[in-house]
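**Student:** Have a look at this one before I ask anything.
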Amino acid sequence: MIDLIIFLSLLALGYGAGNWAEKRHYRSIAERENATINLPTVTLKSVNIPEHKIRSARLVYGSAVISVDYFKRILASLRNVVGGKVKSYESLLDRARREALLRMKAMAGDATVIVNVRIETSAVGKQSRRKNIGCLEAMAYGTALTVEE
Amino acid sequence: MKFTARQPGINVNVSPTHPLKEFAILAGGLLAIAVGVYLALGLAVDLIVPRLSIDLEKKLAGALIGRLVETEEVDTTTRSLQALVGRLQDRCAKLPYNVTVHVTESDAVNAAALPGGHMVIFTGLLAEMTSENELAFVLAHELGHYANRDHLRSLGRSLVLMTASTLLLGADNSINSMIGHGMVLTELSFSRKQESRADEFALETLFCHYGQVAGATAFFKKIPEDGDPGRFGHYFASHPENRRRISHLKDLAQERGYPTGTLFPLPADLMVNTIPP
């Protein structure tokens, strides 16, 4: 009985706190994305800019680690039974990737464009099966070019 | 045409389904499947139990009852109860079981029919007894459970529930320990219908043995109005239930013309714990 109570409170806490954090995070992501909308980030390896016009080219990167909450984890484990889209993890990956991109843009500062952008994802803290911390890291990196006017 | 950067507007990477809705569908669906399996297995138990041979039941019970039988030292109380059960079985309650009586120290005013013909009587029940007829009725009630094989049904269902919860939640879950406790305390639950049939069997046995049915309802009236019903196990599920059983027994006795007569005193061996009324 006590197990069930603990389980249900963790579930409620996970849902409440996870939802609140996610909403807040998405608001902040949307704000910053709008603020940096004029810094293009492209996956092209190079852009057609004459070399003498490029003042600097440097590596920029950003990474974000997002943890799964208890509710999402249970939802995913239920989904594991029947299979299908693990919808509860989708928003985590989405947030991690966008946050990583935003941090990369912040590192780029007043660059004109970031080229050759790549995004990598990895699971963090998954050493043993039993003590699975369950968070994921997204890392975005690229080359920031500053072009003379 | 000039390019203006803007946000895509929709997020294609996140499904719009509300997480609570998804949770409800998944958890509800899995729960429904579990309940369906439990009901199906329960039905299977109901079908199999009447066909289970007594020999097989004894073998299966061996694993469950083994400990109880080993530690049992037969004292005078047990012997006296065994003799009474023997007398009842001899002429009236003919069963394919050799019922073995075990007396267990406990406050519970209860008795239980375990598989393999092992009847457990708690000392709390003996302390409440004031006449042999009353005791005989309770014993015959348990014999009635054997006659209808109710004890296997409830045990089978508990086992099914245990198996299902182990598969779903692992061996160490709360449902298991709940049932486990239930099995140790032998608080096996019977349905209303099963109790009714056992009552009828007990009434017939009482009439057959004594030629009258005095004391049949005496025990039922003993539950104190504000008593803890938990102590009384399956004899006193609840107050309205209790009254319903009394009136059912009275109706039945009247219908069949069973007379009431004088009560016999308890055998001396069983009076040890008795507080005189």
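The values are calculated or read from the model by the stated rules, or taken from the named source; none is laboratory data. Fair warning: this is a prediction, and the values are worked out from it, not measured in the lab. Cβ placement follows ideal geometry from the backbone for every residue including glycine, while neighbour counts extend to all protein chains displayed.
**Student:** Is it true that residue A:46 is over 13 Å from the mean Cα position of the chain (by Cα), in contact (Cβ under 8 Å) with a residue 12 or more places away in the chain and facing another protein chain (nearest Cβ under 10 Å)?
**Tutor:** Values: over 13 Å from the mean Cα position of the chain (by Cα): yes; in contact (Cβ under 8 Å) with a residue 12 or more places away in the chain: yes; facing another protein chain (nearest Cβ under 10 Å): no.
Criteria not met by residue A:46.
**Student:** Within the range B:201-219, can one find any residue that is of a type outside the set (Ser, Thr, Tyr) and at pLDDT below 70? Give the derivation first.
**Tutor:** Applying the first criterion (of a type outside the set (Ser, Thr, Tyr)) to the range B:201-219 yields B:201-204, B:206-209, B:211-216, B:218-219.
Those still in the list that are at pLDDT below 70 too: none.
Scanning the range B:201-219, I find no residue that is of a type outside the set (Ser, Thr, Tyr) and at pLDDT below 70, so the answer is no.
**Student:** Given the structure, is residue B:93 assigned to a loop (DSSP other than H, G, I, E, B), modelled with pLDDT under 80, in contact with a strand residue (DSSP E or B) (Cβ under 7 Å, 6 or more places away or on another chain) and within 28 Å of residue B:213 (Cβ to Cβ)? Talk me through it step by step, then tell me what you get.
**Tutor:** Working: assigned to a loop (DSSP other than H, G, I, E, B): yes; modelled with pLDDT under 80: yes; in contact with a strand residue (DSSP E or B) (Cβ under 7 Å, 6 or more places away or on another chain): no; within 28 Å of residue B:213 (Cβ to Cβ): yes.
So residue B:93 fails the test.
**Student:** Quick one: which of A:82, A:115 is of a type in the set (A, V, I, L, M, F, W, C) and at pLDDT below 90?
**Tutor:** Values: A:115 fails: at pLDDT below 90.
So the residue among A:82, A:115 that is of a type in the set (A, V, I, L, M, F, W, C) and at pLDDT below 90 is A:82.
**Student:** Still on this structure, please answer the following. Take residue A:60 and tell me if it is under 15 Å from residue A:144 (Cα atoms), within 14 Å of chain B (Cβ to nearest Cβ) and surrounded by 13 or more Cβ atoms within 10 Å (Cβ to Cβ). Give the steps one after another, and end with the answer.
**Tutor:** On the way: under 15 Å from residue A:144 (Cα atoms): yes; within 14 Å of chain B (Cβ to nearest Cβ): no; surrounded by 13 or more Cβ atoms within 10 Å (Cβ to Cβ): yes.
No; evaluated as a whole, the condition is false for this residue.
**Student:** Something else about it: Go through the range A:22-36 and count every residue that is in contact (Cβ under 8 Å) with a residue 40 or more places away in the chain and farther than 19 Å from residue B:5 by Cα. Working first, answer last.
**Tutor:** Pass one, the range A:22-36, residues in contact (Cβ under 8 Å) with a residue 40 or more places away in the chain: A:22, A:25-26, A:29, A:32-33, A:36.
Cutting the leftovers down to farther than 19 Å from residue B:5 by Cα gives us A:22, A:25-26.
Residues meeting the conditions: 3.
**Student:** Scan the range A:65-94 residue by residue and report those that are at negative phi and either of a type in the set (Gly, Ala, Ser) or surrounded by 21 or more Cβ atoms within 10 Å (Cβ to Cβ) (or both). Steps first, answer last, please.
**Tutor:** Restricting attention to the range A:65-94, the residues satisfying the condition of being at negative phi are A:65-82, A:85-94.
Residues satisfying the conditions are A:66, A:67, A:69, A:71, A:72, A:75, A:76, A:77, A:88, A:91, A:92.
**Student:** Quick one: how many residues across the range B:1-42 are surrounded by 14 or more Cβ atoms within 10 Å (Cβ to Cβ) and at pLDDT below 85?
**Tutor:** Residues that pass the stated criteria total 5.
**Student:** I'd like to check something: does the range A:87-94 contain any residue that is more than 9 Å from chain B (Cβ to nearest Cβ) and part of a helix (DSSP H, G or I)? It would help to see each step written out before you state the result.
**Tutor:** Going through the range A:87-94, the residues more than 9 Å from chain B (Cβ to nearest Cβ) turn out to be A:89, A:92.
Now drop any that are not part of a helix (DSSP H, G or I), which leaves A:89, A:92.
Yes, the conditions are met somewhere in the range A:87-94.
**Student:** Just to be sure before I move on: is residue A:114 of a type in the set (Val, Ile, Thr), crowded, with 16+ Cβ neighbours inside 10 Å and assigned to a helix (DSSP H, G or I) in the structure I sent? Don't jump to the end; show me each part of the working.
**Tutor:** Values: of a type in the set (Val, Ile, Thr): yes; crowded, with 16+ Cβ neighbours inside 10 Å: yes; assigned to a helix (DSSP H, G or I): no.
Considered against the rule, which asks whether it is of a type in the set (Val, Ile, Thr), crowded, with 16+ Cβ neighbours inside 10 Å and assigned to a helix (DSSP H, G or I), residue A:114 comes out as no.
**Student:** Out of the residues in the range B:143-152 that are modelled with pLDDT of 80 or more and surrounded by 22 or more Cβ atoms within 10 Å (Cβ to Cβ), which is farthest from residue B:215 (Cα to Cα)?
**Tutor:** Ranking the candidates gives B:146 first.
**Student:** Then there is this: Which count do you get for residues in the range A:1-27 that are surrounded by 13 or more Cβ atoms within 10 Å (Cβ to Cβ) and either under 18 Å from the mean Cα position of the chain (by Cα) or not hydrophobic (A, V, I, L, M, F, W, C) (or both)?
**Tutor:** 9
**Student:** If you check residue A:8 against the conditions, is it at pLDDT below 95 and either at the interface with chain B (Cβ under 9 Å from one of its Cβ atoms) or farther than 28 Å from residue A:88 by Cα (or both)?
**Tutor:** Working: at pLDDT below 95: yes; either at the interface with chain B (Cβ under 9 Å from one of its Cβ atoms) or farther than 28 Å from residue A:88 by Cα (or both): no.
For residue A:8, the condition - at pLDDT below 95 and either at the interface with chain B (Cβ under 9 Å from one of its Cβ atoms) or farther than 28 Å from residue A:88 by Cα (or both) - is not met.
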